[in-house]
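S.K.: Pasting in a structure now, in structure tokens, and then I'll have a few things to ask.
Just so it is clear, none of the values below were taken in a lab; they were calculated from the coordinates. Here the structure is a predicted model, which means the values were calculated and not measured. Because the Cβ atoms are built from the backbone with ideal geometry, glycine has one as well, and the counts that use them run over all protein chains shown.
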Ligand SMILES: [Zn+2]
């Protein structure tokens, strides 16, 4: 049994055939899903999906590249508060690779999202691209919240720092790509109790399905196989540790899924 710890079920490409997508996932051994938020335009649809399907929970957050599309933190706080199926704030963070949003504005947004997470006492799903530096680790330490570094693509050194500071590290389909030798070394290193897996569907389709183009939550199975292969552990062991880690990081999901 696997959990896709990070996908986006609200995008039309998936949403239009969501029943089928979730059935396919189930037939591949993927039973539970966390659909992460990106902007205020899709926020309500994302929450509705988590309300409709008892094996889906969601997160609410504004992605750094979505700053320009606007957001209302007070409205978000109202939606999140006491909602049983919103289990995290995310994805939020800093995107330094595509820098179409000025970094000072990204920081303003990021700090507001960190404060929101603090106010509602929820863990963070972090989108951090080429932005793992002292400033980042310092502000995370300051807010002191549980968090996952989603779709990790950084160095082994940064991974060690994140693990030392108590964070989780999640691998997406990128770990299966031919050119990702360095990332596979990171996947070998991350301790058992810090590891998560995800698809980031509909993006980042893993090998051997890359030609399919539209990624689906069921394909987290291929991420799992790749990571288990690197760690020379069984797929069952990988399932057990990543499931436990997910439920530890997102205690509200444990309740929502009614898993003991
Ligand atoms: Zn994402």
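S.K.: In a Gaussian network model over the chain where Cα atoms closer than 10 Å are linked, find which of 218, 70, 93 has the largest mean-square fluctuation.
M.R.: Highest fluctuation of the listed residues: 70.
S.K.: Please state, as a whole number in µm²/s, the translational diffusion coefficient that the Stokes-Einstein equation yields for region 208-260 at 25 °C and 0.890 mPa s, with Rh defined as the Kirkwood radius across alpha carbon pairs.
M.R.: Here the translational diffusion coefficient equals 194 µm²/s.
S.K.: If R0 is 41 Å, what FRET efficiency do you get for residue 54 and residue 181 from their C-beta distance, rounded to 0.05? Don't skip to the end; give the middle numbers.
M.R.: Working: r = 40 Å, r/R0 = 0.97.
With R0 = 41 Å, the Cβ-Cβ based efficiency is 0.55.
S.K.: Quick check: convex hull over the Cα atoms of region 79-166, volume per residue in Å³, rounded to an integer?
M.R.: 100 Å³
S.K.: Whole-Å semi-axes of the chain's equivalent ellipsoid, largest first, each the root of 5 times a Cα gyration tensor eigenvalue?
M.R.: Working: eigenvalues 122, 97, 62 Å².
Those come to 25, 22, 18 Å.
S.K.: When the Cα centres of region 31-74 and region 151-226 are compared, how far apart do they sit, in Å?
M.R.: 22 Å
S.K.: Given labels modelled 7 Å from the Cα in the Cβ direction, how far is it in nm from residue 203 to residue 142?
M.R.: Between residue 203 and residue 142, the label points sit 2.6 nm apart.
S.K.: Compute the FRET efficiency between residue 81 and residue 258 as 1/(1 + (r/R0)^6), taking r as their Cβ-Cβ distance and R0 = 25 Å, and round to the nearest 0.05. Can you show the working numbers first?
M.R.: Details: r = 22 Å, r/R0 = 0.86.
E(calc), rounded to 0.05, equals 0.70.
S.K.: Another question about this same structure. Explain nothing, just the number: relative contact order of the chain, from Cα pairs under 8 Å at least 6 residues apart, as a whole percent. Intermediate results must be reported in sequence, preceding the final value.
M.R.: Working: 518 pairs, mean separation 54.8, N = 260.
Relative contact order, the chain: 21 percent.
S.K.: Along the Cα-to-Cβ line of residue 214, 7 Å from the Cα, sits a label point; which residues in region 1-27 have backbone N less than 17 Å from it?
M.R.: Label zone hits: 7-26.
S.K.: At 4 °C and 1.567 mPa s, grab the translational diffusion coefficient of region 157-229 from Stokes-Einstein with a Kirkwood Rh over Cα pairs, rounded to a whole number in µm² per second.
M.R.: Working: Rh = 12.4 Å.
Using the Kirkwood radius from Cα pairs, D works out to 104 µm²/s.
S.K.: Further question on the same structure: So what is the 222 nm mean residue ellipticity for the chain from helices alone, if each DSSP H run of at least 4 adds -39500 (n - 2.57) and you divide by all residues, rounding to the nearest 500 deg cm²/dmol? Present the calculation step by step, with values, prior to reporting the outcome.
M.R.: Details: 11 runs with 112 residues, N = 260.
Computed ellipticity for the chain at 222 nm equals -12500 deg cm²/dmol.
S.K.: Using a Förster radius of 25 Å, what is the FRET efficiency between residue 1 and residue 233 based on their Cβ-Cβ separation? Nearest 0.05, please.
M.R.: Values: r = 16 Å, r/R0 = 0.64.
Working from the Cβ atoms, E equals 0.95.
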